[in-house]
Amino acid sequence: MPGQALESHLKPGTVAIYPGSFDPLTNGHLDVIARGSKLVSRLIVAVLTNTQKATPLFAVPERLEIIKHATAHLPNVEVDGFGGLLVDYAAGQNATVILRGIRAISDYENELQMALLNRRMRPDLETVFLMASEEYSFVSSRMIREIVQLGGDVTSFVPPVVLARLRAKISPDALD
Ligand code: PNS
């Protein structure tokens, strides 16, 4: 409920990392961030900085700005960039939880592999999965990049700040 005191469902003080590429941030990501932020004391949205992608839609600093803007209403959410191993970054932040969203069964195999690898490297770090809301279960950054590059409309898939940045790319004067 709006205005209600924040109450963590996990152990008080729990710090979680929500890692990803976020190129671009989607409504599905935002949904996971909003729901995840209710479970923990601190949620750090961590953007991978040393990505190998040849043609990103947004550079990493712009992605950080976008996520900060889109999560400004969530007081226990922070945004940061990370390079190297996720488990090392998480340990450095005193995090005990990695948060990931799962949309469909097709996500499961890759997510299971990552979670098990991360657990082998740092057994004290638990990966927690949230099921994406069904209304966003088909939305992926990769598809959005493709639609944008082919001139399609992504209005219903991404937050307004992403739309504004996309418009600004087409016409730089459009950004306030
Ligand atoms: O949004 P993505 O691309 O699905 O996010 C993938 C991400 C960034 C979570 C993953 O590639 C990652 O953790 N990279 C950091 C390097 C690392 O720790 N690799 C070992 C675990 S697979």
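The values are calculated or read from the model by the stated rules, or taken from the named source; none is laboratory data. Please read all numbers here as calculations on a predicted model, not as lab measurements. Neighbour counts run over all protein chains shown; Cβ positions are idealised from the backbone, glycine included. Side chains are part of the model used for accessible areas, which takes the heavy atoms of the whole protein and leaves out ligands, DNA and RNA. Shrake-Rupley method; radii C 1.70, N 1.55, O 1.52, S 1.80 Å.
Using r as the Cβ-Cβ distance of SER156 and LYS38, and R0 as 22 Å, what FRET efficiency do you calculate, to the nearest 0.05? Approximately 0.35, to the nearest 0.05.
Pairs on different chains or at least eight residues apart, Cα atoms closer than 25 Å: how many lysine pairs in the chain fit? Mind showing how you got there, number by number?
Details: LYS11/LYS38; LYS38/LYS68; LYS53/LYS68; LYS53/LYS169; LYS68/LYS169.
Lysine pairs satisfying the spacing and distance rule in the chain number 5.
With a ≥ b ≥ c the root eigenvalues of the C-alpha gyration tensor of the range 1-91, is it rounded (a/c under 1.5), prolate (a/b larger than b/c) or oblate? Verdict is oblate for the range 1-91.
Largest mean-square fluctuation among LEU166, LEU117, LEU25, in a Gaussian network model of the chain whose springs join Cα atoms under 10 Å apart, belongs to LEU117.
Considering only protein heavy atoms and a probe of 1.4 Å, how much of the accessible area of the range 119-163 is carbon and sulfur, as a whole percent?
Working: 1600 of 2960 Å².
The value for the range 119-163 is 54 percent carbon and sulfur by accessible area.
Summarising the amide proton neighbourhood of VAL158: residues at separation of 5 or more, or on other chains, whose placed amide H is nearer than 5 Å comprise ASN27. Ranking GLY81, ILE102, PRO56 by how far each Cα lies toward the positive end of the dipole of the chain (charges on Cβ) leaves GLY81 at the top. Hey, how much of the P(r) for the range 22-175 falls beyond 25 Å, as a percent of Cα pairs? Taking all Cα-Cα pairs of the range 22-175, the fraction more than 25 Å apart is 30 percent.
Counting heavy atoms of the protein chains alone, LYS38 has an accessible area of about 120 Å² for a 1.4 Å probe. The phi torsions of the range 154-162, fed into the Karplus equation with coefficients 6.51, -1.76 and 1.60 and a -60° offset, translate into couplings of 10, 3, 8, 9, 10, x, x, 5, 5 Hz, rounded to whole numbers, with Gly and Pro shown as x.
Note that the range 15-169 presents 51 Å² accessible area per residue, ligands and nucleic acids not counted, probe 1.4 Å.
Under a 5 Å amide H cut-off, with hydrogens placed 1.01 Å from N, GLY101 pairs with LEU130 among residues at least 5 apart or on other chains.
Can you send over the carbon and sulfur percentage of the accessible area for the range 12-91, probe radius 1.4 Å, protein chains only?
59 percent
Here the Karplus relation 6.51 cos²θ - 1.76 cosθ + 1.60, evaluated at θ = phi - 60°, turns the backbone of the range 138-150 into coupling constants of 9, 8, 9, 4, 4, 5, 5, 4, 5, 4, 4, 5, 9 Hz, with x for every Gly and Pro. Rounding to the nearest 10 and keeping the result within 0 to 90°, find how far the Cα-based axis of helix 60-70 lies from the longest principal axis of the chain. The angle comes out at about 80 degrees.
For the range 15-169, the relative contact order works out to 31 percent when only alpha carbon pairs closer than 8 Å and six or more residues apart are counted. Residues considered: THR127, THR55, THR71. Largest GNM mean-square fluctuation over the chain, using C-alpha springs under 10 Å, is found at THR55.
The range 75-176: which chymotrypsin sites (Phe, Trp or Tyr not before Pro) are DSSP loop and have at most 13 other beta-carbon atoms within 10 angstrom?
Working: sites: PHE82, TYR89, TYR108, PHE129, TYR136, PHE138, PHE157; in loops: PHE138, PHE157.
Those that pass, being in a loop and sparsely packed, are PHE138.
For THR51, no residue has an amide H sitting under 5 Å from its own, ignoring neighbours fewer than 5 places away on the same chain, with H placed 1.01 Å from N.
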